[in-house]
1. When residues of region 397-411 are filtered for being of a type in the set (Gly, Ala, Ser) and in contact with a helix residue (DSSP H, G or I) (Cβ under 8 Å, 6 or more places away or on another chain), how many remain?
2. Report, by residue number, each residue of region 444-467 that is more than 17 Å from residue 203 (Cα to Cα) and not in a loop (DSSP other than H, G, I, E, B).
3. Give the residue that is nearest to residue 174 (Cα to Cα), with candidates limited to residues of region 399-445 that are among the hydroxyl-bearing types (Ser, Thr, Tyr) and at pLDDT 95 or above.
4. Would you confirm whether or not region 159-177 contains a residue that is under 27 Å from the mean Cα position of the chain (by Cα), at pLDDT 95 or above, buried (at least 20 other Cβ atoms within 10 Å of the Cβ) and of a type outside the set (D, E, K, R)?
5. Restricting attention to helices (runs of 4 or more DSSP H) lying wholly within region 207-287, give those where 1 or more residues are closer than 23 Å to residue 184 by Cα and modelled with pLDDT under 90.
6. Would you tally the residues in region 240-284 being touching a His at 6+ places or on another chain (Cβ under 6 Å) and over 25 Å from residue 180 (Cβ atoms)?
7. Within region 87-109, does at least one residue satisfy the condition of being assigned to a loop (DSSP other than H, G, I, E, B), surrounded by fewer than 17 Cβ atoms within 10 Å (Cβ to Cβ) and modelled with pLDDT of 85 or more?
8. Identify, please: which residue in region 136-153 is at pLDDT 85 or above and either loosely packed, with under 12 Cβ neighbours inside 10 Å or outside the structural domain of residue 11 (by TED's automatic domain parsing) (or both) and is, among those, farthest from residue 72 (Cα to Cα)?
Amino acid sequence: MSAARKRLFHPIFFGLFPTLFLFACNADDLSLRSLWLPLTLTMTGALLTWGFYSLWIRDPQRAAAMTSLTLFLFFSYGHALDIVQGWSLGPFQIAGHKDLGSLWIAFFLMGVLLLFRMRGFLNVLTLQLNATSALLILFSLVYGSWNFIDGHHLIPALQEHPDQPAGPQPNQRLPDIYYIILDGYARADVLEEVYHYDNSPFIRWLQEKGFYVASLSRPNYANTLTSLSSSMNMSYLDSLATLMGPNSKNLLPFQRLIRYGAVLRFLKQAGYTLVSFSTGVSGTEIRNADVYLTPPLGLTGFQNELLNTTAIPALLKSYDLQRKLHRLRILYTLEHLPRATRLEGPTFVFAHIVCPHPPYIFDKEGHPAFLPRRFSFTPDETLDWQAYAQRYTDQLSFITGKVQAAIEQILKNSPSPPIIVLQSDHGPGFHAKGDEKQYLRERIAILNAYYFPDKDYSSLYEEISPVNTFRIIFNQYLGGGFPLLGNRSYTSKSNFLYDFKPVLDQEEGCVSSNRRSERVNVTDQARCP
């Protein structure tokens with residue numbers, strides 16, 4: 001047996017490479033435990049494929065080469081679909097999964113034919129595949145290590161520590177706090193003016209239940225990670241932006257600010273039990289909570305992206321596994337929210353619900369609303385404006401009803417009146433329409449509603465932004481002494497989150513902040529940038 005026949009390791013390395021490379025590209029946002037399940041599954045699949053071909057062909061080199069060919073076509077399918085969808089190759093038009101699948105089958109058959117006709121070159125081919133796969137693994141390990149170290153060595157402590165007051169008095173009865181974030185939920189006036197959707201019945205229902213609805217609320221930041229990093233620390237992110245620089249793509253500081261931020265530290269110090277729900281978004285997963293609730297089945301963001309590179313979404317198109325699991329996660333969170341009322345002692349519940357944000361998986365009745373495209377958290381820009389707006393408002397309508405039911409149960413089952421904050425992290429926004437002004441109008445306008453046990457809303461105001469949410473709650477109910485900050489809003493592109501651009505004086509923007517600053521004691525940060 002030749003040396004080449006003895007050293008048949010390239011199927012193993014080609015099986016490892018897709019997962020390792022995707023991890024390497026995102027290592028500054030992931031933990032090493034993200035690797036184990038995908039690596040186990042991909043390696044199991046590679047070994048089973050190799051074993052099948054070996055039993056069928058009974059030629060080790062050809063079986064190994066066929067395995068590597070199969071793995072290459074399987075894991076490149078999603079990338080190829082992104083690149084070639086809509087292309088014409090002579091008379092052959094690639095319009096979607098079906099056309100690309102036919103082309104991939106043709107490539108596989110041609111590859112198998114060449115392998116069976118190839119005799120003298122099998123040893124050379126094996127050496128080349130071994131060398132190529134080894135180089136790919138080496139590159140992934142080096143690149144991934146660089147990104148991982150770069151991402152993890154520069155995790156700053158909270159850059160703007162609010163002074164930690166003494167906190168509540170001993171034996172003081174503390175209310176449960178529910179922080180419910182509906183991702184991408186638009187403010188009522190934006191829904192009316194831009195989407196022609198009347199959300200006033202829901203707003204009236206909230207008010208009838210005793211909520212204060214901030215009718216002119218804006219987020220401090222226009223992306224999920226930046227917005228929640230700010231609200232969970234009661235601070236602006238100016239120092240963090242200076243430290244990281246505008247070109248940084250390291251997302252771990254946001255993850256750390258959400259997971260270990262000032263709000264959670266203060267609550268823990270006050271004796272609260274921390275409860276969080278699985279979100280499916282790595283940056284907002286608070287796994288270190290005292291109680292972490294997740295559905296029996298679910299996929300992480302990393303796992304979804306890995307699946308999207310493969311042919312699995314095409315093979316399971318009728319079942320649509322990814323969307324089904326995402327639906328189950330959202331429904332699980334909304335159905336289990338009221339169960340936190342059973343926990344003893346003061347409880348803080350964090351529920352980031354990625355809805356009505358894309359993907360659009362519910363119609364207005366709650367039935368599956370699956371799209372003929374791969375699973376993604378980004379809007380489908382192949383849709384025209386009318387189709388997008390219809391899908392968005394249908395999903396918003398359904399999720400609104402489910403939220404109402406959850407709040408009803410929380411209020412009914414709570415042994416004493418709780419605090420409920422129902423807030424969106426940012427508004428929607430449809431890039432494909434090409435209107436940047438309208439995009440910002442949608443993005444910088446959020447649902448923001450508060451339920452306080454004593455209905456004392458004298459500290460709230462119509463322009464309140466999330467940076468002051470927990471300052472006011474802690475001041476009013478937990479013996480805090482936090483000064484209120486002015487309301488500033490920033491936007492940044494999704495690939496350069498630290499490059500903050502101020503949103504200046506749009507309608508109720510800076511003017512409202514200054515008007516409010518005349519009525520309350522605010523810090524110097526109250527002034528508009």
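The values are calculated or read from the model by the stated rules, or taken from the named source; none is laboratory data. Every value quoted in this text rests on a predicted model; they were computed, and no experiment measured them. No Cβ is skipped: glycine too gets one built from the backbone with ideal geometry, and neighbour counts run over all protein chains shown.
1. Adding up the residues that qualify gives 2.
2. Of everything in region 444-467, those that are more than 17 Å from residue 203 (Cα to Cα) and not in a loop (DSSP other than H, G, I, E, B) turn out to be 466, 467.
3. The selected residue is 424.
4. For region 159-177, residues under 27 Å from the mean Cα position of the chain (by Cα), at pLDDT 95 or above, buried (at least 20 other Cβ atoms within 10 Å of the Cβ) and of a type outside the set (D, E, K, R): present.
5. Correct list: 252-259.
6. Residues in region 240-284 being touching a His at 6+ places or on another chain (Cβ under 6 Å) and over 25 Å from residue 180 (Cβ atoms): 0 in total.
7. no
8. 142
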